[in-house]
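**Student:** Below is a structure I'd like to ask you about.
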Amino acid sequence: MSSTEEAMNQWFGNFPSKTFADDTCFLIGAWANVSVIKTEEGLVVFDLSNRLFHRRIFNKIRKFSDKQIRFIIYSHGHFDHSFGYASIIKEVNDKGWEMPQIIAHENILNRFEKYRELDKYHNWINNQQFSSIGNIPKEGVSAHDTLNPTIIIHGNNNYEFKLGNYSFELYHDKGETDDSLWMFLPEKEVLFPGELVSNPTFPNVGNPFKVQRYPKQWAIAMEKMLEKDAKFLAPGHGPLIEGKKNVQEALSIRAEVMHFVYDEVVKRLNEGKWFEQIYHEMLEIYPEKFKKHKYLNPAYGCYRFAIHAVYRLFHGWYTTGNPTDLFPAKSNEIAEEFLAINDEKKYLFHAEKLYKQGKLQLALHILDVIIIGSSIKNKSTFLEACSLKSRILMQKEAEESSFIAKNIIRNGIHELQAKIDELKN
Ligand SMILES: [Zn+2]
């Protein structure tokens, strides 16, 4: 087993599966979840997970039922939801079956095209976002081959079909992506929200690596789902949510927090405030009921990222209101000028003082004057600065809840460690 596979097993476990609501199989933790609905006339599969797991998903589906797969639905085109089709298609070809219908929103085609254009870039950026899992093999995220939809849902249209004893209602709402579909099965009272619900994490909105997401529409999607009054919610990631009360709570708290972030940022934009002021004010007013809520754990997305998401919807890249920042000099050249005013030891001494006072973020800014300056004037001071920064980052990483933020900090620690090793040798 490769180290990546081992790391993935550690992260994603052995895909426990759960059968619920008569004839629905939920494969949990196959990076993204996969749901399979058995009807008298064959299977409907909602999401396919990651390309790296296609065999294991297929084996689990076949343990559940040997019926022909008639429909595959993509909740959206992220690589962990729509790429794990290889074994399914092999079986179709081997048995001479008719190809299943693939249903997706029209925007998924632009997404796949974008992934092809930016293939190497996406591999690089995903390896940063998911770095603690290990290096994701290129084939895991590459969109060079995709299984494209045969039934395309346009604009805000809904789509309904029947198979055997069940009806399947599909709806489009923007949220984590612009190509989202969610599904409701009225006879079973089950909602399949795709990544519009990851249980129990805070919505992944404002991801520091990725393109714009849609907080307001996310809230609206939750409200539309609430109208279905479902008994089960089979989320895109994380465990099944069972019981009307729990389903209502999981959806309504997400709607509430998305409205809250959106409305409070918009209010401050209308007050003529720049990003820094908005961000720090928003941190102060985050209500306790959201902070502690069991369905809003900031384990992946988090409130701090969501503030960026709303701001970026309405604002360009000039975010500080300070003309110095319009066409800035290189950061290493700026650091050099600070070092010309005062030597490295003074900055290190000051950073140590801030560190002792628990002002970790300020200590990092001061240490960067030494670390990112283009020349090393005093090797031992430079090494001390690197190791203090590394210690501070480790403390921040330990205290950090968001998987994405943790990885960003950890990537910084690794880079510093490489720099320290290089200088010591
Ligand atoms: Zn996604």
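The values are calculated or read from the model by the stated rules, or taken from the named source; none is laboratory data. Not measured: the values here are computed from a predicted model. Virtual Cβ from ideal backbone geometry, glycine too; neighbours counted across all protein chains shown. What goes into the accessible areas is simple: the full protein's heavy atoms, side chains included, and nothing from ligands, DNA or RNA. Shrake-Rupley method; radii C 1.70, N 1.55, O 1.52, S 1.80 Å.
**Student:** Taking springs between alpha-carbon atoms closer than 10 angstrom, which of 155, 301, 29 fluctuates most in the Gaussian network model of the chain?
**Tutor:** Among 155, 301, 29, the largest mean-square fluctuation in the Gaussian network model of the chain belongs to 155.
**Student:** Restricting to the chain, compute how many DSSP beta bridges are antiparallel as a %, nearest 5.
**Tutor:** Of the beta bridges lying entirely in the chain, close to 65 percent run antiparallel.
**Student:** Could you work out the relative contact order of the range 329-424, using alpha carbon pairs under 8 angstrom and six or more residues apart, expressed as a whole percent? The partial results should precede the final answer.
**Tutor:** Values: 86 pairs, mean separation 25.1, N = 96.
Normalised by residue count, the contact order of the range 329-424 is 26 percent.
**Student:** Ok, one more. When the chain is modelled as a GNM with alpha-carbon springs shorter than 10 Å, which of 37, 366, 408 fluctuates the most?
**Tutor:** 366
**Student:** On to the next question. Roughly how much of residue 375 is accessible, in Å² to the nearest 10, using a 1.4 Å probe?
**Tutor:** The value for residue 375 is about 40 Å².
**Student:** Can you find, among 258, 87, 381, the residue sitting farthest towards the positive end of the charge dipole of the chain, where Lys and Arg contribute +1 and Asp and Glu -1 at Cβ?
**Tutor:** My answer, from the dipole projection, is 381.
**Student:** Pairs to check: 95/162; 67/224; 67/138; 210/292. Give those whose C-alpha atoms are more than 30 Å from each other in this structure. Don't skip to the end; give the middle numbers.
**Tutor:** Values: 95/162 24 Å; 67/224 32 Å; 67/138 32 Å; 210/292 26 Å.
From the list (95/162; 67/224; 67/138; 210/292), the Cα-Cα distance tops 30 Å for 67/224; 67/138.
**Student:** Expressed as a rounded percentage, what relative contact order does the range 212-304 have, with Cα pairs under 8 Å and six or more residues apart?
**Tutor:** Working: 65 pairs, mean separation 24.4, N = 93.
Here the relative contact order equals 26 percent.
**Student:** Give me the net charge for the shell around residue 329: Cβ to Cβ below 13 angstrom, other residues only, Lys and Arg +1, Asp and Glu -1.
**Tutor:** Once all neighbours under 13 Å are counted, the net charge is -3.
**Student:** Find the eigenvalues of the gyration tensor of the Cα atoms of the chain, then list the square roots of 5 times those eigenvalues as equivalent ellipsoid semi-axes, largest first, in whole angstrom.
**Tutor:** 44, 25, 19
**Student:** Next up: Could you list the chymotrypsin sites (Phe, Trp or Tyr not before Pro) in the range 89-143 that lie in coil according to DSSP, counting only those with at most 14 other Cβ atoms within 10 Å of their Cβ?
**Tutor:** Answer in residue order: 97.
**Student:** Let me check something: with ligands and nucleic acids excluded, how do 254, 62, 55 order by accessible area (1.4 Å probe), largest to smallest? Walk me through the numbers before you get to the answer.
**Tutor:** Working: 254 0, 62 50, 55 155 Å².
Largest accessible area first, the list is 55, 62, 254.
**Student:** Specify the residue with the greatest mean-square fluctuation among 184, 382, 305, computed from a Gaussian network of the chain linking alpha-carbon atoms under 10 Å apart.
**Tutor:** For the chain, modelled as a Gaussian network with Cα springs under 10 Å, the answer is 382.
**Student:** Treating only the Cβ atoms of Lys and Arg (+1) and Asp and Glu (-1) as charged, compute the dipole magnitude of the range 329-424 about its Cα centre; round to the nearest 20 debye.
**Tutor:** That gives a dipole near 260 debye.
**Student:** Additional query: What is the magnitude of the charge dipole of the range 162-239 about its Cα centre, with +1 placed on the Cβ of each Lys and Arg, -1 on the Cβ of each Asp and Glu, and no other charges, expressed in debye to the nearest 20?
**Tutor:** Charge dipole, the range 162-239, about its Cα centre: 120 debye, nearest 20.
**Student:** Expressed as a whole number of Å, what is the distance separating the alpha-carbon centroids of the range 334-370 and the range 113-166?
**Tutor:** If we compute the Cα centre of each part, the gap is 44 Å.
**Student:** How large is ³J(HN,Hα) for each residue in the range 171-187, as worked out from phi by the Karplus curve 6.51 cos²θ - 1.76 cosθ + 1.60 (θ = phi - 60°), to whole Hz, x for Gly and Pro?
**Tutor:** Those phi angles translate into 10, 10, 9, 6, x, 6, 9, 8, 10, 6, 10, 10, 10, 10, 10, x, 5 Hz.
**Student:** Here are some pairs, 18/245; 90/231; 60/188; 294/396; 273/353; 267/389; which of them have Cα atoms lying more than 27 Å apart in this structure? Walk me through the numbers before you get to the answer.
**Tutor:** Numbers: 18/245 20 Å; 90/231 35 Å; 60/188 22 Å; 294/396 23 Å; 273/353 32 Å; 267/389 37 Å.
Checking Cα-Cα distances, 90/231; 273/353; 267/389 exceed 27 Å.
**Student:** Let me have the 222 nm mean residue ellipticity of the chain computed from DSSP H runs of 4+ only, each contributing -39500 (n - 2.57), with the sum over all residues rounded to the nearest 500. All intermediate terms of the calculation are to be shown ahead of the outcome.
**Tutor:** Details: 17 runs with 206 residues, N = 425.
So the helix-based figure for the chain works out to -15000 deg cm²/dmol.
**Student:** State to the nearest 20 debye the size of the charge dipole of the chain about its Cα centre, where the only charges are +1 on K and R beta carbons and -1 on D and E beta carbons.
**Tutor:** It works out to roughly 840 debye.
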